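Read through the structure below, which is laid out as structure tokens, and then see the notes.
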Ligand code: NDP
């Protein structure tokens with residue numbers, strides 16, 4: 001059985017703990033590799049390597065760092081197919097999706113922030129000719145990047161790239177559930193000539209190696225993407241050392257369908273936004289609110305389209321939903337379907353585990369599930385399920401839907417569908433979400449401030465905002 005290695009000080013290293021965790025292929029339910037259960041010794045090795053490399057990396061020119069990052073992006077791109085296959089096996093998601101979305105975004109993330117760093121500037125404030133202030137933006141040090149399993153390499157590179165471009169060095173911890181592409185990425189870093197210690201990747205449990213990173217005083221910045229409860233814990237731990245923290249957390253995103261929408265576009269997009277990546281994207285629309293006079297027609301068309309979605313082998317081109325990421329996660333999703341039924345919900349389609357045949361018979365598959373008849377305040381409409389389950393709810397008018405959309409503790413994203421421009425502006429302004437799409441979903445411009453309000457996070461990622469987060473401002477005032 002292949003043993004995944006940590007990447008520390010430019011070398012692939014075995015964990016000092018000698019302990020390993022089983023790494024499952026969700027499409028078969030079988031263990032196919034072993035993840036290091038790294039401990040404090042591994043972390044301290046990574047920290048020593050990172051601190052040493054920071055001395056030189058932080059002093060290099062922007063152009064030097066740009067060249068290293070562009071080279072890394074090019075080397076990564078040469079491995080796109082291999083990475084796409086590996087991500088699909090490790091996560092259970094369809095191969096066409098990793099080829100189209102996950103893996104191409106990795107090189108794009110790196111190129112985007114390498115280039116942004118060349119354009120990044122800081123401010124000057126003059127005081128009526130009496131004095132001048134200029135603000136430097138300096139690299140901070142060792143940055144801890146902790147990422148989830150739903151978009152494993154995509155989100156890892158989204159954090160690593162701006163941290164490095166701004167002159168910091170990184171200790172990254174991928175999810176223990178999906179470690180494999182980060183391991184391949186380590187090998188790519190070596191091939192691309194990334195200076196030793198600039199990127200360190202340590203594998204293992206959140207409560208183990210993850211907390212070592214979060215707690216240590218010499219890691220002054222933490223960039224975290226994951227669940228809200230984990231984010232709360234991390235934020236509390238970071239407060240002890242006054243760390244700079246960015247938290248990208250969970251969501252319970254509304255999709256709002258007005259009766260004056262482009263009907264076909266609204267149906268097609270809301271199906272995609274509900275079920276892409278098995279509903280395991282923080283931005284997925286899991287509460288679909290439909291204006292009352294369109295409700296019946298929309299519900300029928302939506303369910304008809306959902307029934308066409310194929311649940312199957314992740315490597316097949318026809319598959320829309322592959323396996324969900326783990327047995328525990330599958331059980332959590334099935335539990336929520338059960339809760340919804342007990343709350344009086346009517347399952348319009350799906351609602352069950354799917355048992356495939358042959359080598360896929362032990363895999364974790366769930367049919368895309370649409371539930372109606374639930375109050376907007378019930379558990380299924382308030383708690384994050386993070387799977388292929390949506391609830392469909394009628395609404396009377398704008399005021400009504402704004403109240404329902406804003407009723408959860410989350411505030412990550414929302415989509416609304418209307419051909420009325422004034423209504424689009426009016427409703428968008430009243431929705432409490434960090435990211436709002438009108439007549440589309442998941443259309444991403446990497447320059448925008450990305451992130452959530454309320455329990456969906458603290459801070460924003462993207463564009464120069466990321467470079468500001470990963471630098472320390474220092475103002476110098478000169479009297480003239
Ligand atoms: P988790 O919060 O369980 O884990 C995220 C990462 O944190 C993993 O690497 C995990 O390690 C690690 N971790 C867990 N506990 C600790 C700890 N005490 N200290 C340090 N690190 C820790 O999230 P999931 O991986 O289950 O991801 C799904 C969640 O992520 C959903 O809620 C989803 O909405 C959210 N998400 C948010 C996004 C956004 O941009 N807002 C984007 C994508 C996902 P391990 O896996 O080993 O436990």
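Since every read-out is calculated from the coordinates, none of them should be taken as a lab result. Keep in mind the model is a prediction, meaning the values are calculated, not measured. Backbone-built Cβ (ideal geometry, glycine too); neighbour counts: all protein chains shown.
Ignoring everything except DSSP H segments at least 4 long, calculate the 222 nm mean residue ellipticity for the chain; use -39,500 (n - 2.57) per segment, divide by total residues, nearest 500.
My calculation for the chain gives -11500 deg cm²/dmol from helical runs alone.
Determine the principal axes of the Cα atoms in region 214-322, then give the extent along each, sorted from largest to smallest and rounded to whole angstroms.
In descending order, the Cα extents are 57, 37, 18 Å.
What order do you get for 319, 178 when you list them from fewest to most C-beta neighbours inside 10 Å?
In increasing order of surrounding Cβ atoms, one gets 319, 178.
Please work out the Kirkwood hydrodynamic radius for region 371-480, using every pair of different C-alpha atoms, and report it in angstroms with one decimal place.
This gives a value of 16.5 Å.
How high is the relative contact order of the chain? Use alpha-carbon pairs under 8 Å, at least six apart in sequence, and give a whole percent.
Rounded, it is 19 percent for the chain.
Per residue, how big is the convex hull of region 128-250 when only Cα atoms are used? Give it in Å³.
With only Cα atoms used, region 128-250 gives 141 Å³ per residue.
Nearest 10 degrees is fine. How inclined is helix 263-275 to the longest principal axis of the chain, computing both from alpha carbons?
Orientation of helix 263-275: about 60 degrees from the principal axis.
Can you quote the Å³ per residue value for the convex hull of the Cα atoms in the chain, rounded to an integer?
Output value, Cα hull per residue: 148 Å³.
Which order results if 300, 61 are arranged by neighbouring Cβ count within 10 Å, fewest first?
The most exposed by this proxy come first: 61, 300.
Quick check on region 253-445: what are the equivalent-ellipsoid semi-axes from the Cα gyration tensor, as sqrt(5λ), descending, whole Å?
That gives 28, 17, 15 Å for the three semi-axes.
Let me make sure I get this right: for region 302-346, a, b and c are the square roots of the gyration tensor eigenvalues over alpha carbons, sorted descending. Under 1.5 in a/c it's rounded, otherwise prolate if a/b > b/c, else oblate. Which is it?
The shape class here is oblate.
Taking the Cα atoms only, what angle lies between the long axis of helix 180-191 and the longest principal axis of the chain, rounded to 10 degrees?
Roughly 30 degrees between the two axes.
Measure nothing but the geometry: give the 0 to 90° angle between the long axis through the Cα atoms of 62-78 and the longest principal axis through the Cα atoms of the chain, rounded to 10°.
50
Counting just the Cα atoms, what span does region 1-94 cover along each of its three principal axes? Round to the nearest Å and put the largest first.
Here the Cα extents, ordered largest to smallest, are 48, 33, 16 Å.
Output the relative contact order of region 253-445, whole-number percent, from Cα pairs under 8 angstrom with separation of 6+ residues.
Contact order relative to length: 28 percent.
In what order do 64, 20 fall by count of nearby beta-carbon atoms within 10 Å, going from fewest to most?
Least crowded to most crowded, the residues run 64, 20.
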